[in-house]
Amino acid sequence: MKSSIKNLFVAASMLAIFAVPTFAAKATVGEVAPDFTLTDINGKAHRLSDYQGKTVVLEWVNPECPFVVKHYTSGNMPNLQGASTTDGVVWLTINSGSAGAQGDYSSSQVERWMEQTGAKPSAYFRDQDGSVGHLYGAKTTPHMYVVNPTGTLVYDGAIDSIASANKRDLAKAQNYVVAALAAVKSGGMPAKTQSQPYGCSVKY
């Protein structure tokens, strides 16, 4: 009897484990970037496919993540955003943190944070249900993606080559996003199309 109860408990436990929903990312380098629509903090809806003909950067963010803090307080991310958007790139910053999660700032908090850090994205989005984050398989903050003007995903991974929250490492790191954007501008594919993203886990 005890054995039967034990077996039933094990079976139920296994069923519970395998019943947990999983989210299969649909974003694959070399293929068309999955389309999505998100509303920015100013209430404007943006559809990725509306930007076909332009290079698009997708940046996953959590303002309170130490790795993100490094890239913003050093000026690294704002400077890259500014240079890129001046060059015609559309830069979409996405926070997929669930409601109340670390770094899930209200629209007014985001505006203050952007002013304090000098952030210059084309738009900032709160993806609180995580739908776009799961669609792309965003794992960390930051996690970067580059989409070329034909709508093809050409880069997926870390912003640079040194997985560190130390500002001193920025000067020594190879910036993969800069390299990807340069390759796309010249009409080619980046030499490095994928890398292991680093940072804090996305707070789904």
*Counting only residues 5 or more places away or on other chains, whose amide H sits under 5 Å from the amide H of I162 once H atoms are built in the peptide plane?*
Q174
_Amide H partners (placed H, <5 Å) of G97, local residues excluded_ = D127, K203
_Antiparallel DSSP beta bridges within the chain, as percent of all bridges there, nearest 5_ = 65
*Scan around A123 for amide H atoms under 5 Å from its own, H built in the peptide plane at 1.01 Å from N, and keep only partners 5 or more places away or cross-chain.*
W91, T93
*Each residue of the stretch 115-132 in order: what ³J(HN,Hα) in whole Hz does its phi give by Karplus 6.51 cos²θ - 1.76 cosθ + 1.60, θ = phi - 60°, with x for Gly and Pro?*
5, 5, 8, x, 4, 9, x, 5, 7, 10, 10, 10, 9, 5, 8, x, 4, 6
*Which of the lysines could a cross-linker span from K70 if the Cα-Cα distance has to be under 25 Å and same-chain partners fewer than 8 positions apart are dropped?*
K120, K139, K167, K172, K192, K203
*Which is farthest toward the positive dipole end of the stretch 145-193 among L170, G157, M189, measuring Cα position about the Cα centre, with Cβ charges +1 (Lys, Arg) and -1 (Asp, Glu)?*
L170
*Under 12 Å Cα-Cα from K54, which aspartates and glutamates qualify once same-chain neighbours fewer than 8 residues away are excluded?*
D87
*asked:* Tell me whether the chain comes out rounded, prolate or oblate; compute the Cα gyration tensor, take square roots of the eigenvalues as a ≥ b ≥ c, and use a/c under 1.5 as the rounded threshold.
replied: prolate
*Under a Cβ-Cβ cut-off of 12 Å, what is the net charge of the residues other than T55 that fall near it, where Lys and Arg count +1 and Asp and Glu count -1?*
+1
*Sparse-neighbourhood loop sites, GluC sites (Glu not before Pro) in the stretch 21-114 - DSSP loop, at most 14 other Cβ within 10 angstrom*: E31
*Tell me, what HN-Hα J-couplings in whole Hz come from the Karplus equation 6.51 cos²θ - 1.76 cosθ + 1.60 at θ = phi - 60° for each residue of the stretch 136-152, using x for Gly and Pro?*
9, x, 5, 10, 9, 10, x, 9, 10, 9, 10, 10, 7, x, 7, x, 8
*asked:* So if I place +1 on the C-beta of Lys and Arg and -1 on the C-beta of Asp and Glu, and nothing else carries charge, what would the dipole magnitude of the chain be about its Cα centre? I want it in debye, nearest 20.
replied: 500
*asked:* Tell me the mean residue ellipticity at 222 nm calculated for the chain from its helices only (DSSP H runs of n ≥ 4, each -39500 (n - 2.57), averaged over every residue, nearest 500).
replied: -9500 deg cm²/dmol
*Between S74 and S186, what length in nm is gained on full extension when 0.36 nm per residue of separation is reduced by their alpha carbon distance?*
37.5 nm
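Readers should treat all values here as calculations from the given coordinates under stated rules, not as data from a laboratory. What you see is a predicted model, and the numbers here were worked out from it, not measured in a lab. Positions of Cβ are generated from backbone atoms using ideal geometry, with glycine treated the same way; all protein chains shown enter the neighbour counts.
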